[in-house]
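The values are calculated or read from the model by the stated rules, or taken from the named source; none is laboratory data. As the structure is a prediction and not an experimental result, all values here were calculated from the model. Here Cβ is always computed from backbone atoms with ideal geometry, including for glycine, and neighbour counts include all displayed protein chains.
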Amino acid sequence: MKKKIAIVGPESTGKSTLSTKLAAYYDTEWVHEYAREYLNSINRSYNYDDLKFIAQGQLQEEDRKLEDATNLLICDTTMLTLKIWSEFAFKKCDEFILSNLDKRKYDLHLLCNIDLPWVPDPQREHPDKRKYFFDWYESELKKRKIKYVIIEGKVSERFDKAVKAVDKLLADEK
């Protein structure tokens, strides 16, 4: 059975970099953050209704990539990110996101810490709230009793910690 690794955390914490490196290392597929593609395709600010479309696209991409993955799929975001994003921006969250948050299971979450410098990006909004969001992610993971490992340090250290966590997961499953 294929294992799914979720990489989550606040903005500008190296999630996409880690995802691509892990996918290359394990010679498998990774699911990019569909929100970036979607937001680049609209010529306006996003709104509450857009988040459901983003969630649907993210899940479709995940399902498609899972078919082509070897024994492991790396996911560069999940419904948890959309839940947090929606509740922060709009003080509510669509039932589609919430129900899929509970339905979609991942074998391990890698929670990226905020100890990397902020890198500006047109889609990044809250450089001053990274600690707030990190705490929110960790609280949600704990509340839901989801297995996670905090990934921190320089980029190379993060990669090494992530590989160690994934290798442990794979070894424990044998």
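Per-structure values
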quantity: In the range 69-125, residue nearest to the chain's Cα centre (by Cα) [restricted to those that are hydroxyl-bearing (Ser, Thr, Tyr), modelled with pLDDT of 95 or more and under 22 Å from Asn40 (Cβ atoms)]; calculated: Thr78
quantity: Any chance Lys131 is within 20 Å of Lys21 (Cα to Cα) and modelled with pLDDT of 95 or more; calculated: no
quantity: In the range 9-60, the residues that are farther than 11 Å from Cys75 by Cα and of a type in the set (Phe, Trp, Tyr); calculated: Tyr25, Tyr26, Tyr38, Tyr46, Tyr48, Phe53
